[in-house]
């Protein structure tokens, strides 16, 4: 069986750990060269070395805080400068902040959550999506959360940002279509680094809310990511794919 992303170039934000790392490796194994972006350059460089060793694909590490528009431009320019094209953009970088109550959320905290989860994906999609459309095609995948539809009291700004991201998906699909496809993966609870901070009984409680009886493993995102990045999803755009184990 051939590699569905052979000859392609993919940019993954938040790409050095967790779901981002898993997607970077999967895209490379599917034949794509990769641009690995996160705030920590050393972690990106380490993963880039793993990609080259395990897959033989080219890998470019780039330090980028997507909440900063200047850094988004630097990331886009670095990708095009190295590879000459971008075929896939995965807006995976995300973050939430803990707070005791909504009235204790500072303006700086709120702005940081919105910047990482919504402002950055908007800017990167505008920069790269326009070039994709001009060059004949591409795929943008936004990584959202079940919080977008089921906001919890301790994640309200994050939930609002992810809801905005899902709305952005539809707008971008119509802005850059028909050449560029734009879709969302709405993730349920996953066993990543973030899960280490969960209270002791939270893992079991979340698992009880899923039809599959478990929380997601990082590898569970691979199939959906490669599907939406590749021509296998050629007639899919403006869509939200629930990857949540049947969460309710």
_Cβ-based exposure ranking for 90, 128, in which fewest neighbours within 10 Å come first_ = 128, 90
*asked:* Sort 94-102, 28-36, 218-226 by packing, meaning the average of other beta carbons within 10 Å per residue, with the highest value first.
replied: 28-36, 218-226, 94-102
*Expressed as a whole number of Å, what is the distance separating the alpha-carbon centroids of the range 121-187 and the range 23-83?*
20
_Only Cα pairs within less than 10 Å get springs; with that Gaussian network setup on the chain, which residue of 142, 117, 167 has the largest fluctuation?_
167
*asked:* Along each principal axis of its Cα atoms, how long is the chain end to end? Whole angstroms, biggest number first, please.
replied: 47, 39, 37
_Using 0.36 nm times the number of residues separating residue 130 and residue 231, minus their current alpha carbon distance, what extension gain do you get?_
34.4 nm
_Need one word for the range 113-248: rounded, prolate or oblate. Basis is the Cα gyration tensor (sqrt eigenvalues a ≥ b ≥ c); a/c below 1.5 gives rounded, then a/b vs b/c decides._
prolate
_If I take R0 = 35 Å and measure r between the Cβ atoms of residue 204 and residue 3 in this structure, what FRET efficiency does the formula 1/(1 + (r/R0)^6) give, to the nearest 0.05?_
0.35
*Using the beta-carbon distance between residue 105 and residue 197 and R0 = 22 Å, what value does 1/(1 + (r/R0)^6) give for FRET efficiency, to the nearest 0.05?*
0.75
*What is the range 41-98 by shape, rounded, prolate or oblate, if you read a ≥ b ≥ c off the alpha carbon gyration tensor as root eigenvalues and call it rounded for a/c under 1.5, prolate for a/b larger than b/c, and oblate otherwise?*
oblate
*Across the Cα atoms of the range 1-69, what radius of gyration and what greatest pairwise Cα-Cα distance (Dmax) are found, in Å?*
11.3, 41
*asked:* Using Cα-Cα distances under 8 Å and only pairs 6 or more residues apart, what relative contact order does the range 103-161 have, in percent?
replied: 40
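Throughout, read-outs are computed from the coordinates displayed, never taken from laboratory work. The model shown is predicted, which means the values in this text are computed figures rather than measured ones. Counting neighbours? That spans all protein chains shown, and the Cβs are built from the backbone with ideal geometry, glycine included.
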